[in-house]
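Here's the structure we're looking at; comments come further down.
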Amino acid sequence: MQVAGARVLVTGGASGLGRGTVDRLVAGGARVGILDLESSAGADVAKEIDGVFAAADVRKPDEVAAAVAQIGGALGGLDVCVNAAGVADAHRVINRSGELFPLDLFEFVVRVNLIGTFDVLRNAAKVMADNEPDGEGGRGLIVNVASIAATEGQIGQAAYSASKGGVAAMTLPLARDLASIGVRVMAISPGIMDTPMIDGMGPELKAELAKIHVFPQRLGTPDDFAALVQHFMENTLLNGEVVRLDAGARMGPR
Ligand SMILES: NC(=O)c1ccc[n+]([C@@H]2O[C@H](COP(=O)([O-])OP(=O)(O)OC[C@H]3O[C@@H](n4cnc5c(N)ncnc54)[C@H](O)[C@@H]3O)[C@@H](O)[C@H]2O)c1
């Protein structure tokens, strides 16, 4: 699958890794629709790239169904769906004041990162099923975003790791399931990426975090991520796999 002319839906496309994907694929000639929160910069980004914006909260199935249909309709179908919407709220199981990890916070993280991803991809797959198959019978590609916290979650990351572990674990069964319609499914486990998600940490902590990367010892960029999405599009033998994008990092407990 070539980037030029591809019809791509990117959740979380207003910021960070999603935004980097939007920019790279648009530069390569793709047509892109952004699904993101109403409060996000999605409308402005869509204007900049001459693309489509559909506001939706991935926790809300009605909004997701409407947004995927809107983007699929505007682009005349879908070839790629990149699920980069996500949250990283953390809490200790029992914090220093003795407060328990709030169950509603745990549920929030799982709803956005895991169930939201699944909801978007099932709607996107339905649109892809209507595509004319290519020479190999291919009709589309879904790229989900896990994290190295799926395997080495740190203190406070129980909910985040549970959600990302779910995203990683469903990659193979999704690929097996959607093979019947010629849709491939891949996941990316990023290391520490320089996006607004980690902006709150400040430059010193960011520089410290970059050292988790073995080599090169720099933070990942949205374009590092986007380049891998592009490779997945172009290399059709990739399917059912989770790829780490982390410069050899293995996170410790904190
Ligand atoms: N930045 C990192 O170091 C890093 C590392 C590993 C994994 N990730 C994952 O990459 C993905 C993208 O993260 P990022 O760093 O680009 O973060 P980001 O905060 O820059 O972007 C996240 C986007 O998701 C959108 N979003 C959040 N909740 C949503 C909801 N309920 N419905 C719709 N959209 C919603 C936000 O509006 C935002 O545009 C996330 O899944 C994150 O967990 C990030």
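Based on C-alpha pairs under 8 angstrom that are at least 6 apart in sequence, region 37-87 has a relative contact order of 26 percent. Fewest-first ordering of PHE232, PHE106 by other beta carbons within 10 Å of each residue's beta carbon gives PHE106, PHE232.
The alpha-carbon atoms of region 16-142, seen along their principal axes, cover 58, 32, 25 angstrom, with the largest extent given first. On a full-extension model of 0.36 nm per residue, what is the gain between ASP62 and GLU234, subtracting their alpha-carbon distance, rounded to one decimal in nm? Here the segment from ASP62 to GLU234 would lengthen by 58.7 nm. Distance between the C-alpha centres of region 178-253 and region 1-24: 15 Å, rounded to the whole angstrom. For region 1-46, the Stokes-Einstein estimate of translational diffusion at 25 °C and a viscosity of 0.890 mPa s comes to 238 µm²/s, using the Kirkwood hydrodynamic radius over alpha-carbon pairs. Restricting the GluC sites (Glu not before Pro) of region 135-222 to loop positions (DSSP other than H, G, I, E, B) with no more than 12 neighbouring Cβ atoms within 10 Å leaves GLU136. Taking the three principal axes of the alpha carbon atoms in region 106-216, the coordinate ranges are 51, 34, 22 Å, sorted in descending order.
Given the options ASN144, ASN123, ASN83, state which has the largest fluctuation in a GNM of the chain using a 10 Å cut-off (strictly under) for Cα springs. Of ASN144, ASN123, ASN83, the most mobile in the Gaussian network model is ASN123. Most simply put, the chain has about 5% antiparallel DSSP beta bridges, counting only bridges with both residues inside it. Normalised by the number of residues in region 7-245, the average gap of Cα pairs under 8 Å and 6 or more apart makes the relative contact order 20 percent. Distant-in-sequence amide contacts of ARG244, defined by a placed amide H-H separation under 5 Å and a gap of 5 or more residues or a different chain, comprise SER189. Over region 7-245, the reciprocal of the mean inverse Cα-Cα separation, the Kirkwood hydrodynamic radius, stands at 18.0 Å.
With r as the distance between the Cβ atoms of ASP44 and GLN2 and R0 = 25 Å, compute the FRET efficiency 1/(1 + (r/R0)^6) and round to 0.05. The pair GLN2/ASP44 has a calculated efficiency of 0.35. In a reduced charge model with +1 at each Lys and Arg Cβ and -1 at each Asp and Glu Cβ, the chain shows a dipole moment near 540 debye about its Cα centre.
None of the figures in this text is laboratory data; all of them are computed from the coordinates on show. Note that the structure is predicted; figures quoted are calculated from it, not measured. Backbone-built Cβ (ideal geometry, glycine too); neighbour counts: all protein chains shown.
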